[in-house]
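The values are calculated or read from the model by the stated rules, or taken from the named source; none is laboratory data. These numbers come from a predicted model, not from an experiment. Every residue, glycine among them, receives a Cβ derived from its backbone with ideal geometry; neighbour counts consider all protein chains shown. Note: areas computed on protein heavy atoms with side chains; ligands, DNA, RNA excluded. Shrake-Rupley method; radii C 1.70, N 1.55, O 1.52, S 1.80 Å.
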Amino acid sequence: MEKKPHFVRREFLPREVPSISLALLLAAVLLLNALLYLYLNKFYNSLGRVETDPGLCPFGHFKFGAVKNCSPWLSCEAINREVRKLKCVGEGAVKKVFLSEWKEKKVVLSQLTNSELKEDFLHGLKMLKALQSKYVVRLLGYCEQQFTILTEYHPLGSLRGLNETLHIPKYKGMNTWHRRLMLAIDYVSIIRYLHSSPLGTLVMCDSNDLDKVLSQYLLTSDFHILVNDLDALPLVNRSAGRLVKCGHRELRGEFVAPEQRWPYGENVPFEDDLMPPYDEKTDIWKIPDVSNFFLGHVEGSDIVRLHLFDVHAACKKKDPAERPSAQEVLDTYRKVLTLLIREAAMPEMLNTLEEG
């Protein structure tokens with residue numbers, strides 16, 4: 001009779017242990033989902049970056065570095081008096097770029113080099129002023145009379161140097177699939193912003209090859225992307241029947257969208273007047289190629305490509321009307337990031353429970 005209590009304890013102990021483990025597992029899953037929600041919510045807020053409010057300054061003002069107060073854009077007089085050129089760091093068809101110094105801070109001074117392209121330069125300035133946001137490099141001042149623009153300096157430079165930057169010991173920890181996917185999300189966010197900008201639907205025309213695309217964007221020290229060059233940003237206005245053409249020369253190659261290529265064959269010489277215009281869906285066509293560069297060849301990047309296969313296939317539809325919008329692509333990228341972070345976190349959580 002004394003064995004009966006022992007029998008009862010042996011009967012119930014094995015049943016209680018799994019139920020406790022199951023409860024712990026369920027609690028851990030709920031906690032993980034809550035943490036993921038908080039993380040991704042914070043991430044999307046930082047990624048979405050309030051579009052019309054760079055540094056909480058009103059239009060015509062900027063906030064620089066750790067300074068709390070907003071300052072008005074520097075005038076011609078202030079630029080001439082307070083900005084000192086250090087060295088030339090780049091030159092393109094439109095402007096020359098100088099690393100400069102203002103009040104002991106590094107800044108970038110851009111000056112027109114070809115007077116025949118002054119309209120392009122002034123268009124870029126107009127866009128830079130109108131589109132100031134956390135997607136666009138910060139404007140510090142300008143002088144139209146002298147064709148000069150002053151902007152914030154970003155030491156990591158353009159996206160052309162991304163892979164080299166990620167091999168620097170200081171940044172090797174950033175060379176992961178999720179960091180690279182976040183850069184791709186940044187890029188698509190900028191395209192989405194341009195397509196729904198305060199000025200209307202804008203097309204990123206300086207994008208005839210991958211290297212040209214990468215040169216238009218800057219990598220910030222906290223690994224975000226800013227669009228830097230807005231010289232070629234025409235407006236699509238469907239209600240007014242206005243489409244665009246990126247330049248007046250024939251475009252070739254697989255990188256540009258099919259509608260950007262000469263449609264009448266090799267036997268008909270190219271004539272700009274006969275070239276049909278197009279819309280912002282040319283930017284959508286290029287997203288898979290640019291994202292492929294961002295993803296690189298790190299562990300996990302092929303899994304990301306697999307999850308993005310369908311949306312990238314849709315981006316490459318020959319008919320522009322069948323391609324998704326930038327917002328739809330962005331939504332898909334964000335869903336993939338959420339899914340993959342959750343999948344990556346779950347095995348680690350289960351291992352922790354098993355070890356406990």
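Test each condition in (1) open to solvent by 10 Å² or more (accessible area, probe 1.4 Å); (2) touching a helix residue (DSSP H, G or I) at 6+ places or on another chain (Cβ under 7 Å); (3) not in a helix (DSSP H, G or I) for Asp222 and report the one that comes out false. With respect to (1) open to solvent by 10 Å² or more (accessible area, probe 1.4 Å); (2) touching a helix residue (DSSP H, G or I) at 6+ places or on another chain (Cβ under 7 Å); (3) not in a helix (DSSP H, G or I), Asp222 is out only on (2). I'm told Ala184 meets every condition in (1) open to solvent by 10 Å² or more (accessible area, probe 1.4 Å); (2) among the aliphatic types (A, V, I, L, M); (3) touching a residue at least 24 places away in the same chain (Cβ under 8 Å) except one. Can you identify the failing condition by its number? That leaves (1) as the condition not met.
Identify, from the list Leu230, Leu162, Leu194, the residue that is part of a helix (DSSP H, G or I) and under 21 Å from Gln260 (Cα atoms).
Step by step, each of Leu230, Leu162, Leu194 is checked, and only Leu194 is part of a helix (DSSP H, G or I) and under 21 Å from Gln260 (Cα atoms).
Within the stretch 95-121, take every residue that is closer than 10 Å to Tyr153 by Cβ and open to solvent by 30 Å² or more (accessible area, probe 1.4 Å) and give me the one that is nearest to the chain's Cα centre (by Cα). Among them, the one singled out is Lys106.
Would you check if Asp310 is open to solvent by 10 Å² or more (accessible area, probe 1.4 Å) and under 29 Å from Glu164 (Cα atoms)?
So Asp310 fails the test.
In a helix (DSSP H, G or I) and either modelled with pLDDT of 60 or more or in contact with a helix residue (DSSP H, G or I) (Cβ under 9 Å, 6 or more places away or on another chain) (or both): does that describe Ala23? Here the answer is yes, as Ala23 does meet what is asked. Among the residues making up the stretch 118-175, those that are over 22 Å from Thr201 (Cβ atoms) and of a type in the set (Phe, Trp, Tyr) are Phe121, Tyr142, Phe147, Tyr153, Tyr171. Yes or no: the stretch 279-298 includes at least one residue that is within 19 Å of the chain's Cα centre (by Cα), of a type in the set (Val, Ile, Thr), assigned to a helix (DSSP H, G or I) and more than 21 Å from Arg180 (Cβ to Cβ). Among the residues of the stretch 279-298, at least one is within 19 Å of the chain's Cα centre (by Cα), of a type in the set (Val, Ile, Thr), assigned to a helix (DSSP H, G or I) and more than 21 Å from Arg180 (Cβ to Cβ), which makes the answer yes. Considering the stretch 131-170, the residues that are open to solvent by 30 Å² or more (accessible area, probe 1.4 Å) and more than 23 Å from Phe98 (Cβ to Cβ) include one that is nearest to the chain's Cα centre (by Cα), namely Lys134. Note on the stretch 318-347: residues that are buried (at least 16 other Cβ atoms within 10 Å of the Cβ) and either more than 19 Å from the chain's Cα centre (by Cα) or among the small types (Gly, Ala, Ser) (or both) amount to 5. Take Lys68 and tell me if it is in a loop (DSSP other than H, G, I, E, B), exposed (fewer than 14 other Cβ atoms within 10 Å of the Cβ) and either free of Cβ contacts under 8 Å to residues at least 60 places away in the same chain or in contact with a Lys or Arg (Cβ under 6 Å, 6 or more places away or on another chain) (or both). Judged against the criteria, Lys68 is a match. Filtering the stretch 254-283 to residues that are open to solvent by 40 Å² or more (accessible area, probe 1.4 Å) and in contact with a strand residue (DSSP E or B) (Cβ under 8 Å, 6 or more places away or on another chain) leaves Arg261, Pro277.
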